[in-house]
Amino acid sequence: MTARKPPTRAPRAARRPTGSSRSPARAAASTVAGVQPRAPEPRTKVFVYGTLLSGEPNHHRHLASARLLGEARTPPEFTLYHLGFYPGLVRVGHHAVVGEVYEVDEPTLAALDYLESHPRFYVRTAIRLASGDEVEAYLLTVEQVAGRSVIASGNWRERG
Amino acid sequence: MTKTCMARALYFAYGSNLDREQMRARCETAELHARAILRGHALAFAGHSRRWAGPVATVVPSRNAIVEGLLYILRAADLRSLDRHEGHPLVYRRTRLRVTDEHGRELRAEVYVQRARRPGVPSPDYARVLRRAYQRLGFDARSLAASAEVVS
């Protein structure tokens, strides 16, 4: 048997004094010595209306583990356009667009931004739903949907 | 991957699958989504097809080059049919690459890439099918010429 070398560095957990944190908010939240309460992770409410809806092709990969807050609709101030494989939501018009609201963590939001090519294609924007809730939604501009057909039902699942 | 996820897939067609009749024969329910480009790749011809009596199209990594194509929405049965026709995974290998559709959106799509890399000159029949498709779609036919020059 070979002699064990003494550790040259303290284990990772022991290097930082108990109760300290890089984040002042987290440090302030520490109430019990030796217990590091986890600060609530930032969550974002996202309104989805196309391929991210449950049962649609991008749902499983991106939102299968996200919390569904429920079905929702926009006020009748939007238009849903058919762009082939996916729709585009524009904040101009008089349709109430149907979708679902999910609560997502930061990595999921970053993955959604990547999927939607935000901000180069869709732009993630805060909108107010018919319920009054403010959520994030991926919008297109009127110029981007010029000449495209409108989904009058406002419901991607009923696009025909 | 779940059944739900595979219910529809995006497929980037290039080469002879730009031909409407061939595509319809291979994928009955395929739905055209949009024109698209595959960046960082160039069209090339390699391998050997008995049907076309010569090398057939593939895409090879090439900085600053693009390949023009069409994006189709495929059902699972269409994708299985294409796998058979393309000889996946032995002749062509199906992989997912990021393409940009005509709306400017980047999407991940199924792309078939030949395993054979040795370049060759396509048969006149095959070249004719591609030229006709490029003309019909308004694609830049110079890329065909460039591919041919590379391999001739």
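No value in this document is a laboratory result; all are computed from the given coordinates. A quick note: this is a predicted structure, and the numbers were derived from the prediction, not measured. Neighbour counts are summed over all protein chains in view; Cβ atoms, including those assigned to glycine, are modelled from backbone coordinates with ideal geometry.
Ignoring GluC sites (Glu not before Pro) that are buried or in helix or strand per DSSP, and keeping those with at most 15 other beta carbon atoms within 10 Å, what is the longest stretch of chain B between them?
Longest site-free region, per DSSP loop and neighbour criteria: B:29-101.
Modelling each spin label as a point 7 Å along the Cα-to-Cβ direction, I'd like the A:S153/B:T95 distance in nm, to one decimal.
Inter-label distance under the simple model: 3.9 nm.
Can you pull out the trypsin sites (Lys or Arg not before Pro) in region B:73-129 that DSSP calls coil and that have at most 12 other Cβ atoms within 10 Å? Before the final figure, lay out the partial values.
Details: sites: B:R75, B:R80, B:R84, B:R93, B:R94, B:R96, B:R98, B:R105, B:R108, B:R115, B:R117, B:R128; in loops: B:R105, B:R115, B:R117.
Answer by residue number: B:R117.
Can you tell me, using C-alpha contacts under 8 Å and at least 6 residues apart, the relative contact order of region A:32-160 as a whole percent?
Computed over region A:32-160, the figure is 31 percent.
Going by a ≥ b ≥ c, the root eigenvalues of the Cα gyration tensor, does region B:27-97 fall in the rounded group (a/c under 1.5), the prolate group (a/b larger than b/c) or the oblate group? If you can, show how the numbers build up before the last one.
Numbers: a/c = 1.92, a/b = 1.10, b/c = 1.74.
Because a/c hits 1.5 or more and a/b fails to exceed b/c, region B:27-97 counts as oblate.
So what is the relative contact order for region B:37-79, in percent, with contacts set as C-alpha pairs under 8 Å and at least six apart?
Here the relative contact order equals 44 percent.
Compute the label zone of B:A76 within region B:84-123: residues whose backbone N is under 20 Å from the point 7 Å along Cα-to-Cβ.
B:84-86, B:88-89, B:94-96, B:109-111
Mind checking region B:7-62 for trypsin sites (Lys or Arg not before Pro) that DSSP puts in a loop (not H, G, I, E or B) and that have at most 16 other Cβ atoms within 10 Å?
B:R50, B:R51
Please give the residues of region B:50-70, grouped as numeric ranges, whose backbone N is less than 16 Å from a label point set 7 Å along the Cα-to-Cβ vector of B:V121.
B:53-56
Hey, with R₀ at 41 Å, roughly what FRET efficiency would A:T44 and B:R63 work out to, going by the Cβ-Cβ distance, to 0.05?
Approximately 0.65, to the nearest 0.05.
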